[in-house]
Amino acid sequence: MTPPGNTSESMGMQFLEFAHVCERLEGTPGRLDMIEQVAAVLPGLDDEELPVFVRFVMGRVFPDWSTKKLGVGPNLLYDAVAYVVGTKRETVREAINTTGDAGLAVEGLLARKEQTSFFTEELDLTGVYRELERIAAAEGQRSQREKLRVAQWLFGNARPLEGRYLARLMLEELRIGVGEGNVRDAVAKAFEVDVRLVEHAHQAMNDLGAVALLARRDPDALSRVTIEPFRPVKMMLAQAGTIDAQVEEHGEVAVEYKYDGSRFQFHKVGGVCRIYSRRLEDVTESLPDIANLLLEATDHDVILDGEAVAVQDGRPMPFQYVIRRFRRKHEVDAMMEKIELVPRVFDILYLDGETLMDRPLAERRKALEGALREHVTPQFRVTDAAAAEAIYTDALDLGHEGVMVKVLDSPYTPGVRGRLWVKVKPGVETLDLAVVGAEWGEGRRAGTFGSFLLAVQDQGRLLPVGKVATGITDEVLADLYALFKDRVIARSGKEVTLEPEVVFEVGYSEVQTSPNYGSGYALRFPRFVRVREDKSVDEAETLDSLAERYGRQRNGQGSF
Ligand code: AMP
């Protein structure tokens, strides 16, 4: 087979070495040991390898700001491996089902083939990255064939251990437990810089690979990094809390309506703009109305943070309408007539070349009001809980979800779910959980999945907290089957393992400790609320925050 790309002959890190590092990390349970091991590798890498290694070891191929996608599903992987090993797609699928792990299964299959063939080419780290870039770049009608050709070439040259990590990288899930926090700490350690500087630069640049490079070349520059237009940063997130606690702690707070729509980040330089979803996908083409409204409302170069809401006769419409528009690729115009979307802008991160994320909210608010003529959300400053309660009641009367209570002197902290923004809303408690498995249904639910296994995240791992089967109508059940049927990675009896890509919002009455699930907790009366199409699995509830909920419950405080 001829190589489809120009794999370099550099003497740098071989992919096999990378695989060995991963293997060692996979067998390392302790966080500190893990950090130590990653930190030990970084200084020896050249400038091209360093960012690639940093991303790969977290199971990511491209910078987090990048909208590039590999677009390799299980079927493509089965086909590529089947071709290389000289077997059928079904055999590969079965091997993966039996082991429950695509990486180990591919390793086993390649080991069988190894006895009968020789490698043609050594894979090196940056060479593999370049090939993965080719896979991502393949577009149009022939894209699947092109992706397959590159994947075949990669597996054709992979030793069994390399195959293990190549397969997992292609599915963008390395399963070695090295999360963003560990790598951030390792970068700080390797280049002897303050971990807070690394974190700060990471929030602005949204690519730990580039941050690692900067930490080595020019550590002083870490504190001066700026946000670049058209490289979206992660959204700042909110925690559930109470008005009372927030007012008591901070005195004066900013109260805003909590709109029930979909988050967006709007970037504009001159006449050019892009809109990114909460998962940082480029959704500009689906939202021409939002783009036009915001382009008309400002003469500045800006990055804005806001919520797209659907309205009809002046009243907000449910979230479902908004999400339909975000996903829309075809017939955008027809859909636009049915659902009118308007932007509600509540923050500004960048203004005419200047990064504002470190400025206090009060200052950013002024900048926002100065930069945008329309579509800025109302913001009320209050110093007592009663005034905030009144706004909360108004918010519900107006059809909003509740209120956000924000700390006035807080910076904008991308990706952080902290107490600087607190959400207050009525109703049942809900959790956003990753769906990691399902069970075939019985009776009326035969032929579809009847219940779903849910998990919280912890340092890059997903730990089960229970199953949900109630609250799902037959119609939704059919939708869910369609959503998950191509995400099955392993089967065992009635149970299937799913590629963890979907987040459910789930209601519950209580968090309990439990030896039955990997997280150590279980939910009482779990009830399906909806698919959080706007959230990715790395935004699912964390184990720490679940433990905190459990603790709050025991203290009898509840979360609202
Ligand atoms: P949740 O998705 O339940 O964690 O709540 C946080 C979300 O509320 C944010 O990610 C936004 O999409 C949305 N939101 C609505 N109104 C606001 C607001 N005024 N400020 C910040 N976030 C808001």
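The values are calculated or read from the model by the stated rules, or taken from the named source; none is laboratory data. Keep in mind the model is a prediction, meaning the values are calculated, not measured. Glycine gets a Cβ as well: all are built from the backbone with ideal geometry, and neighbour counts include every protein chain shown. For accessibility, only protein heavy atoms count, side chains too; no ligands or nucleic acids. Shrake-Rupley method; radii C 1.70, N 1.55, O 1.52, S 1.80 Å.
A few remarks follow.
- Here the range 327-396 is described by how far its Cα atoms reach on the three principal axes: 47, 39, 21 Å, from widest to narrowest.
- A Förster radius of 56 Å combined with the Cβ-Cβ distance from T473 to Q141 puts the calculated FRET efficiency at roughly 0.90.
- With N counted as the residues of the range 91-150, its alpha-carbon radius of gyration over 2.2 N^0.38 Å works out to 1.37.
- Rg to Rh, two decimals, where the range 225-375 supplies the alpha carbon set and Rh follows Kirkwood: 0.97
- Directionally averaged projected area (the range 455-519, Cα convex hull): 5.6 nm².
- For the chain, the share of DSSP beta bridges that are antiparallel, to the nearest 5, is 95%.
- Radius of gyration and maximum dimension Dmax of the range 261-329, Cα, Å: 11.9, 33
- Shown here are the Rg and Dmax of the Cα trace of the range 367-448, at 19.7, 61 Å.
- Distance histogram in 10 Å bins (all Cα pairs of the range 381-536, percent per bin): 9, 32, 30, 19, 8, 2
- Rolling a 1.4 Å probe over the heavy atoms of the protein chains gives the range 136-188 an accessible area of 35 Å² per residue.
- The residues of the range 292-429 expose, per residue, 47 Å² of accessible area to a 1.4 Å probe.
- Here S509 and R324 are evaluated by their C-beta separation; at R0 = 45 Å the FRET efficiency comes out at 0.90.
- Accessible area of the range 159-231 belonging to carbon and sulfur atoms, whole % at 1.4 Å probe: 44 percent
- Square roots of five times the Cα gyration tensor eigenvalues for the range 22-101, Å: 30, 18, 12
- Its Cα gyration tensor gives the range 305-346 an equivalent ellipsoid; the semi-axes, largest first and in whole Å, are 17, 12, 9.
- Globularity index of the range 400-488, i.e. its alpha-carbon radius of gyration over 2.2 N^0.38 Å: 1.46
- Viscosity 0.692 mPa s, 37 °C: Kirkwood-radius Stokes-Einstein D of the range 284-370 over Cα pairs, µm²/s: 231 µm²/s
- Over the range 209-293, volume per residue of the alpha carbon convex hull, in Å³: 191 Å³
- Label-point gap, in nm, between E192 and E363 - each point 7 angstrom along Cα→Cβ: 3.2 nm
- As an equivalent ellipsoid, the range 123-203 spans semi-axes of 32, 16, 11 angstrom, where each value is the square root of five times an eigenvalue of the C-alpha gyration tensor, largest first.
- Full extension of the chain between D384 and D397 yields a length gain of 2.6 nm, computed as 0.36 nm times the residue separation minus the alpha carbon distance.
- Rh by Kirkwood over Cα pairs, then Stokes-Einstein D for the chain at 0.692 mPa s and 37 °C, µm²/s: 130 µm²/s
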